[in-house]
Amino acid sequence: MARATFNGQTIAESNDTVVIESNHYFPMDSIDRQFLRDSDVKTTCPWKGEASYFDVVVGDQTAEYAAWYYPTAKDAAKDLEGRVAFWRGVEVTE
């Protein structure tokens, strides 16, 4: 089981992650959305497409744009649609 934690709080937990480039992509329904805040940040990956971001907020700690997802992934990354990955202080363990 993969688990994403920040500031001592579990943000996501799933046996069904997709691992790409050493990042676990969690199904959206495994994320505790109360800890995510929409971000205006967007980036583009040449083979995955445009990524949108969430800030992760737990208590008084915020990890800005620490979660990302591909709302409409390119064909080569379609298995990532509806999944969220983490970085910037969010710890992912197996």
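The values are calculated or read from the model by the stated rules, or taken from the named source; none is laboratory data. On a predicted model such as this, the values are computed, not experimentally measured, just so you know. Please note that ligands, DNA and RNA were not included when accessible areas were found on the heavy atoms of the full protein model with its side chains. Shrake-Rupley method; radii C 1.70, N 1.55, O 1.52, S 1.80 Å.
Results, tabulated for the structure shown:
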{"item": "Fluctuation leader among A77, A66, A51 - the chain, Gaussian network, Cα springs under 10 angstrom", "result": "A77"}
{"item": "Of all accessible heavy-atom area on the range 17-94, the percent that carbon and sulfur account for (1.4 Å)", "result": "44 percent"}
{"item": "Surface per residue (accessible, 1.4 Å probe) for the chain, Å²", "result": "56 Å²"}
